[in-house]
Amino acid sequence: MAIQIDLRVPPCKPVTELADFASQAEEAGFDGVGVLDSQLLERDVFVSMAFAVQATERIRIASAVINPVTRHVSVLASAMKTVAELAPGRVEFWMGRGFSSVQTVGVRPASVRQMRRAVLTMRELLRGEDVAFNDVRSRMRHAGGEPGGFGRGPDTPPIFIAAHGPRAIELAGEVADGVLLQVGIAPGSIEVARQHLEAGAKRAGRDPDEIEMALTATTIIHEDQQEAREIARPLCAQRLIETTHEPYLRAAGIDPQELEIPQGLRELYPDIPHAEDWEEAMRLCQFMPPDLLAQMCDAIGLIGTPEYCAERLRAAESQGIKRLYLMTSETYEFPHRELAAFRDRVFPALASAAS
């Protein structure tokens, strides 16, 4: 299959269990797993990635996603290099603003400027170059890259920027090896994001085609189409609340300004997608009428029966989408349902259609 598919795996259980689930994902046919980073909600991302790498042989293992606020950039670079040494060429590091990692400790998300500096500094450290920290110049002794230039050495892991805001997407075009877009999978939404990526790349004198683009697809698979959409209500509501998603929703034919959103949604701990009180989150999300819910579900990802999701994947492939990251609704459990559905029905249906 032309599309590469990675599965979101929260380190919600002891690392030995996460490693076993990563192995199951590899056996099921996935191309990679993304391990969440949220220090108070999940186990440590780097330890979890190390266990996942050792339990697998083929698939990518990515951090989904680290940030430059809760760890010093030198700590990030050393941890990245250490994990990457376990499986050269199979480890990726995705960086974002922080989301639940920063919200749960009361600090501000990373700014675009902070992310820029972090990516550039991490790349310098990974290449073994001298870096200035305040009035001290240091370097990482166990670096494995080749100093000089923009590119990375053969032993240097790729750095992606996870983004949906215009400035962050443009930053990815300027400095990152790849971009993880959370803009949905509607063609119009992707085109809006692609324009920002190209603008950033051209500003830095780069070829936009050299920047790998992965799309986040909110994924919920259920035997009942409507039930799958009902489960997705809080995830759809989050997109409606965050104003930075508005251009992509409008490009998909959705006008968020027409809705009256309950204030209680903004008070859920730690946030809507990770809400500990999921029943309350579901209750507060009933403001969306069924037709809008269906439209939202199709705009943001793969939500429905296995057969419906296979059909949507074939459509995505025909649109030229090359890589999807399946972000399931489970934060405190492994996505067993989605893994089984892809292994037993979605992947076989796609293989049958291609033969």
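Observations on the structure shown:
- Within straight-line cross-link reach of K202, lysines at Cα separation under 22 Å, skipping those fewer than 8 residues along the same chain: K322
- Angle in degrees between helix 290-300 and the longest Cα principal axis of the chain, rounded to the nearest 10: 20 degrees
- H72-S355 FRET efficiency (beta carbon distance; Förster radius 45 Å; 0.05 resolution): 0.35
- Only Lys, Arg (+1) and Asp, Glu (-1) charged, at Cβ; the range 5-71 dipole about Cα centre in debye: 220 debye
- On Cα atoms only, tilt of 166-175 relative to the major axis of the chain in degrees: 40 degrees
- Relative contact order of the chain, pairs being alpha-carbon contacts under 8 Å that are 6 or more residues apart, as %: 17 percent
- Taking each residue as 0.36 nm, the span from E85 to V47 lengthens on full extension beyond its C-alpha to C-alpha distance by 12.4 nm.
- Cβ charges +1 (Lys, Arg) and -1 (Asp, Glu), total dipole of the chain, debye: 1280 debye
- From helices alone, the chain scores -12500 deg cm²/dmol at 222 nm; the rule is -39500 (n - 2.57) for each run of n ≥ 4 DSSP H residues, then divide by the residue total.
- Mean-position separation - Cα centroids, the range 75-107 and the range 47-69, in angstrom: 9 Å
- The peptide list 259-267, 216-224, put in order of mean Cβ contacts within 10 Å with the highest first, becomes 216-224, 259-267.
- Length gained when the stretch I261-E57 is fully extended (0.36 nm per residue, less Cα-Cα span): 68.9 nm
- Packing rank of 186-195, 90-99, where each peptide gets the mean count of other beta carbons within 10 Å, highest leading: 90-99, 186-195
- Share, in percent, of DSSP beta bridges within the chain that are antiparallel, nearest 5: 10 percent
- Across the range 322-355, the residues whose backbone nitrogen lies under 14 Å from the label position 7 Å along the beta-carbon direction of E17 are 331-336.
- GNM on the chain, alpha-carbon springs under 10 angstrom: the most fluctuating residue among L235, L249, L40 is L40.
- The residue list V83, M95, I61 was ranked by how far each Cα lies along the charge dipole of the range 25-103 toward its positive end, using unit charges on Cβ atoms, and M95 comes out on top.
- Placing R0 at 45 angstrom, the Cβ-Cβ distance between R113 and Q319 gives a FRET efficiency of 0.85 after rounding to 0.05.
- Set of lysines with alpha-carbon distance to K13 below 21 Å, sequence-local pairs under 8 removed: none
- Per-pair calculated FRET efficiency, R0 = 51 Å: E27 and A204 via Cβ, rounded to 0.05: 0.80
- On Cα atoms only, tilt of 73-84 relative to the major axis of the chain in degrees: 80 degrees
None of the figures in this text is laboratory data; all of them are computed from the coordinates on show. What you see is a predicted model; the values in this text were computed from it and never measured. Don't worry about glycine lacking a Cβ; one is built from the backbone with ideal geometry, like all the others, and counts go over all protein chains shown.
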